[in-house]
Amino acid sequence: MRAAVIGAGPSGFYTTGMLLKAGFSVDLYDVLATPFGLVRAGVAPDHPKIKAVTRVFEKLAGHDEFRFFGGVELGVHVTREELRERYHAVVYAMGTSDDNRLGIPGEDLSGSHAATQFVAWYNGHPHHTDHEYDLSGKHALVIGNGNVAIDVARMLVLTPEELRATDTADHAIDVLEHSQLEEITLLGRRGPVQAAFTNPELRELGELTRADVVVDPADMELDEHSAAMLAEADGTTTRNVEIMRGYAGRAPHGHPQRVVLKFLRSPVALLGDGRVEAVRVGINRIEAAADGRLQAVPTGEHEELPADLVVRSIGYRGVETAGIPFDPRRGLIRNLGGRVIDDADEHQLGEYAVGWIKRGPSGVIGTNKKDAADTVARLLEDRDADTLPEPTTEPTEEWVLERAPDAVSWDGWARIDAHETGRGTPLGRPRVKLVRTAELHDVARRH
């Protein structure tokens, strides 16, 4: 039996491995010429250990029943209907590539950017190479209290030497090492107990070589609801609060830059004449909702924070693609346990979703392994019940190349990989990334 997996990030690879083990032939498609999704284009460049998971994925490429087609876009080069005609099962693993909006005045002023784009830019995503970021001001404001927000703040204060030891895209290094930023503020709408940081990322802030991390001791004086939540919290939350209390209690080292954690603040407007100059924020308090959940409630008080750069890191959402049933409110493919369903909740036989486009942007890379197992279990149930549709034609390589003449095979990716790592080795870097689609395709075609 044949399956197509659309999206070569962690979810796509985990799914591919499980389907191969179950006896399927698997074609893995990706819109980019390069595999690995956010492991390549989302994980912070100074976290190379996280990227080691690609070695596990690379082992799948040696399987006789595996093919990779990079640079093939669903809805542009091939249609949903064409895939359904050629495969017993199609699994959508495209991820959530768009950003959530703040929905406030001034959000689109020059100098206001989505974290999705900024992260893709410094990681060398070819669709974001030409974005421009002005780091000539003194104040940056990162809106959000998750790991992506911390990654953005940390990248803004790494030294040139630290940057040049990574696979950060060259065009980003050139901009970042000339940054004039002095203060980066992370803004959270709720309190420190509700922050979504993980311990290693939060702890890393305290180890920055040219930036002090600053927490107002008053922010660590918890309201009664947060104190009660902390008393029953898991180890991650408890340790986060301990780390932040440590930051609040220590004297600055006198570094030239500061990373400031501010809580109970919600942006209500970005201010400026043509470009962002400040952010007006509402001050919140924590209250318990009727269902017991803690929520940030406006106090009616406001303040203005200077901001020459704003990076919005309030979550990702999926993009509606190729007529696949989509829930616009949640920004996800409509699905029930991984089975794609239409507006009438009818399963679209042979179609499945996995990863962030299935459940939303949550968890770490390893979370996607269990998620893939859940979706593949549903697919195998349908195979065993003989409800998978029978293909009417073959997904030949000639058909793919007719639709996408520049499609990149796994051998083509191997040439890209060797080229990039070869450029990096003399410089003491893991790789020097190619960041233009035409360059990637050119290297992939070389023999």
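The values are calculated or read from the model by the stated rules, or taken from the named source; none is laboratory data. If you're wondering where the values come from, they're calculated on a predicted model, not measured in any experiment. FYI the Cβ positions are ideal-geometry reconstructions off the backbone, even for glycines, and counts take in every protein chain you see.
Summary table
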read-out: Flag if Gly206 is in the same structural domain as Leu135 (by TED's automatic domain parsing), surrounded by 17 or more Cβ atoms within 10 Å (Cβ to Cβ) and of a type in the set (Gly, Ala, Ser); value: no
read-out: Only one of Asp130, Asp134, Asp108, Asp167 that is charged (D, E, K, R) and under 23 Å from Gly282 (Cβ atoms); value: Asp108
read-out: 3 or more residues assigned by TED's automatic domain parsing to the domain that holds His77 and under 22 Å from Thr321 (Cβ atoms): qualifying helices (runs of 4 or more DSSP H) within the range 350-447; value: 356-359, 367-384, 397-403
read-out: Residues within the range 3-30 that are in a loop (DSSP other than H, G, I, E, B), touching a residue at least 60 places away in the same chain (Cβ under 8 Å) and out of contact with any Pro (no Cβ under 7 Å at 6 or more places or on another chain), tallied; value: 4
read-out: Considering residues of the range 82-115 that are modelled with pLDDT of 95 or more and of a type in the set (Val, Ile, Thr) only, the residue farthest from Ala353 (Cα to Cα); value: Ile104
read-out: Ile6 touching a helix residue (DSSP H, G or I) at 6+ places or on another chain (Cβ under 8 Å) and surrounded by fewer than 17 Cβ atoms within 10 Å (Cβ to Cβ); value: no
read-out: Residue among Ala153, Ala169 that is closer than 21 Å to Thr34 by Cβ, hydrophobic (A, V, I, L, M, F, W, C) and either assigned by TED's automatic domain parsing to the domain that holds Arg210 or free of Cβ contacts under 8 Å to residues at least 60 places away in the same chain (or both); value: Ala169
read-out: Residue in the range 100-121 that is assigned to a strand (DSSP E or B), among the hydroxyl-bearing types (Ser, Thr, Tyr) and either crowded, with 19+ Cβ neighbours inside 10 Å or in contact with a Ser or Thr (Cβ under 9 Å, 6 or more places away or on another chain) (or both) present; value: yes
read-out: Condition met for Asp417 (surrounded by 14 or more Cβ atoms within 10 Å (Cβ to Cβ), within 30 Å of Arg445 (Cβ to Cβ) and modelled with pLDDT of 95 or more); value: yes
read-out: Flag for Val43 being crowded, with 16+ Cβ neighbours inside 10 Å, in contact with an Asp or Glu (Cβ under 9 Å, 6 or more places away or on another chain) and either part of a loop (DSSP other than H, G, I, E, B) or in contact (Cβ under 8 Å) with a residue 12 or more places away in the chain (or both); value: yes
read-out: Residue under evaluation Pro389, criteria (1) out of contact with any helix residue (DSSP H, G or I) (no Cβ under 9 Å at 6 or more places or on another chain); (2) in contact (Cβ under 8 Å) with a residue 60 or more places away in the chain, criterion not met; value: (1)
read-out: Test: residue in the range 397-406 that is aromatic (Phe, Trp, Tyr) and within 25 Å of the chain's Cα centre (by Cα); value: no
read-out: Answer residue from the range 316-350, given it is without any contact (Cβ under 8 Å) to a residue 24 or more places away in the chain and among the basic types (Lys, Arg) and is farthest from Arg383 (Cα to Cα) among those; value: Arg329
read-out: Yes/no for Val157 being closer than 28 Å to Ile243 by Cα, touching a strand residue (DSSP E or B) at 6+ places or on another chain (Cβ under 7 Å), buried (at least 22 other Cβ atoms within 10 Å of the Cβ) and of a type outside the set (Gly, Ala, Ser); value: yes
read-out: Any chance Phe69 is crowded, with 19+ Cβ neighbours inside 10 Å, at pLDDT below 95 and aromatic (Phe, Trp, Tyr); value: no
read-out: Residue satisfying all of: in the range 304-343; assigned to a loop (DSSP other than H, G, I, E, B) and of a type in the set (Ser, Thr, Tyr); surrounded by the fewest Cβ atoms within 10 Å (Cβ to Cβ) among these; value: Thr321
read-out: Selection from the range 172-210 of residues that are aliphatic (A, V, I, L, M), part of a helix (DSSP H, G or I), within 28 Å of Glu224 (Cα to Cα) and touching a Phe, Trp or Tyr at 6+ places or on another chain (Cβ under 8 Å); value: Leu205
read-out: Selection count where residues are over 20 Å from Asp134 (Cβ atoms) and either touching a residue at least 40 places away in the same chain (Cβ under 8 Å) or touching a helix residue (DSSP H, G or I) at 6+ places or on another chain (Cβ under 8 Å) (or both), scope the range 296-309; value: 1
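This table checks each residue for (1) in contact with a strand residue (DSSP E or B) (Cβ under 8 Å, 6 or more places away or on another chain); (2) exposed (fewer than 15 other Cβ atoms within 10 Å of the Cβ); (3) among the acidic types (Asp, Glu).
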site	(1), (2), (3)
Asp216	yes, yes, yes
His225	yes, no, no
Ala228	no, yes, no
Glu232	no, yes, yes
Thr237	no, no, no
Glu242	no, yes, yes
His255	yes, yes, no
